[in-house]
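Readers should treat all values here as calculations from the given coordinates under stated rules, not as data from a laboratory. The structure presented is a predicted model; accordingly, all values stated were derived computationally and were not measured. Every residue, glycine as well, gets a Cβ built from its backbone with ideal geometry; the counts of neighbours run over all protein chains shown.
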């Protein structure tokens, strides 16, 4: 099974620095299967045209391909309808759209935005900017020593002044799954909306936005086998309908006058300019690919791999692992003695192993962990236990190489 | 790719036995610089007297390359005029671009020539030197 999956990713079959590539930087971006590469190629060879404009045949083909991809995204996360899916450049743009359009219009002095210190910068700075511009207050849900949060703390923090709760479904550093469904329920009880950063959850598990009950959900294509530069924002229909566009131009208009204009209906009023058509087509192909394998199968595979990696890494002397002992998602962040993560990543790279080293776009979380940076290995559907073994033996060699630094 | 090209013995020596690590009690030109992509940080202090770097110290956090580079740089600039220190910084930039440069005043620096083969690590090596330039500019 896994061999058949690996066969479909051309990039995996190469040597890096004389060793077969072991790609463990999937939380940063995933690799692309041949079907996605082919879908983008086919689009440019047979369908390329601008959407929603041309009367000609290619115009219809491109529009069908683009709108077809939107329907795939809607079904993939179980949105009520495809008009609630807005294509964006990625999670960052999706979250910024909610911040600039929705949050700025509803927040005022004394209102509250609730979030956590472990948010990715893209789910933190937009809210900071809203707070600075509107006089709203940022409130942080306290973190437990293992990086989890407690529902009772959310309960205590959210008040009737809370306008918005922003939280990642899965932390990109700590590998924890947050109880977003319960948090959504708390937020709604106080009349607040909940924005879920789905960058690290959508690629790896079955997501049902209606079951979560979230008001907004943001995702990135490139972390789930699709090209870079495409992502989506899901929103509740009534909220999206009431929101003003933040980008104006072609494509998004209904009627343009000299002094006033009106907008198209959802979702197009938020998609000013020629959209990322080929990217959307690639995302549609990636969703087909993932669904053919099955999100349940992917989830199970990663859970098994995460448990194996946690066991093998914790056997290593001098390794500090951040986050809870139990993992359901394939993200393991660690440090190896006193060896700087950059040095670890360089030694691993010399053996063909790609991991991430740095602050993972989570500077506040690094401060909370009292480290300047960490190493992170993150897995996806094509990784194997052998990849984990290669990682562990390379880490042992790293320790030997740096001698008494550990 | 040979790791030993990067992590030469001289570099590891400076990393494990850093020279000039610490802070001056009294006034000194202080430059705080960080590398936002990786979190490496340096706080460089220069004592400049009559156009000469009389003494230099640093504190910071970072990888073996950035910290050993800071250790070497602070050693190398001591007793140098500001112009000489800038010329060292210029030659260090050339070294990072793969040019064959000699540092007869302080040969340890030449051990960092291997960094050039590891493009992702060049910014680690240049952090301390960028702090030096800023410190000299501030003077």
What 222 nm value per residue comes from the helices of chain B, counting each DSSP H run with n ≥ 4 as -39,500 (n - 2.57) and dividing by all residues, nearest 500 deg cm²/dmol? -13000 deg cm²/dmol
Subtracting the Cα-Cα distance from 0.36 nm times the residue separation, let me have the gained length for residue A:182 to residue A:300 in nm, one decimal. 40.1 nm
quick note, the protein assembly as shown, DSSP beta bridge pairs, % antiparallel (nearest 5) is 70 percent
Testing the spin-label approximation: label points 7 Å from Cα along Cα→Cβ at residue A:325 and residue A:81. State their distance in nm. 5.0 nm
Helix A:385-401 sits at what angle to the longest principal axis of chain A, using alpha carbons and giving 0 to 90 degrees rounded to 10? 60 degrees
Select from A:235, A:318, A:330 the residue whose mean-square fluctuation is largest in a Gaussian network model of chain A (Cα-Cα springs shorter than 10 Å). A:318
When the helix-only estimate is applied to chain A (DSSP H runs of n ≥ 4, each -39,500 (n - 2.57), divided by the residue count), what is the mean residue ellipticity at 222 nm, nearest 500 deg cm²/dmol? -11000 deg cm²/dmol
Per GNM of chain A with C-alpha springs under 10 angstrom, the most fluctuating residue out of A:142, A:227, A:203 is A:142
Two-site label geometry, residue A:237 and residue B:5: point separation in nm, points 7 Å out along Cα→Cβ: 6.1 nm
Spatial separation of Cα centroids for segment B:88-115 and segment A:309-358, in angstrom: 32 Å
Mean-square fluctuation maximum in Gaussian network of chain A, Cα pairs under 10 Å, restricted to A:18, A:198, A:358, hits A:18
Counting only DSSP beta bridges fully inside segment A:113-234, the antiparallel percentage to nearest 5 is 25 percent
Calculate how steeply helix B:64-77 sits against the longest principal axis of the alpha-carbon atoms of chain B, using the helix alpha-carbon long axis, and give the answer as 0 to 90 degrees to the nearest 10. 40 degrees
Just to be sure I understand: of the beta bridges DSSP finds with both ends in segment B:3-138, what percent are antiparallel, rounded to 5? 95 percent
With a point put 7 Å past each Cα toward its Cβ, work out how far residue A:288 is from residue A:89 in nm, to one decimal. 2.8 nm
Please report the base-10 log of the normalised intensity I(q)/I(0) for chain B, using a Debye sum with one equal scatterer per alpha carbon and no solvent, at each q in 0.10, 0.14, 0.15 (1/Å). -0.28, -0.57, -0.65
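Given C-alpha coordinates of segment A:295-334, what is the ratio Rg to Rh with the Kirkwood estimate of Rh?
Numbers: Rg = 10.5 Å, Rh = 10.4 Å.
Result for segment A:295-334 is an Rg/Rh of 1.01.
Just rank B:77, A:388, fewest to most, by other beta-carbon atoms within 10 angstrom.
Details: B:77 28, A:388 24.
The order, fewest Cβ neighbours first, is A:388, B:77.
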Between helix B:82-96 and chain B: long-axis angle, C-alpha atoms, 0 to 90°, nearest 10: 10 degrees
Kirkwood Rh and Cα-based Rg: tell me the resulting Rg over Rh for the protein assembly as shown, rounded to two decimals. 1.01
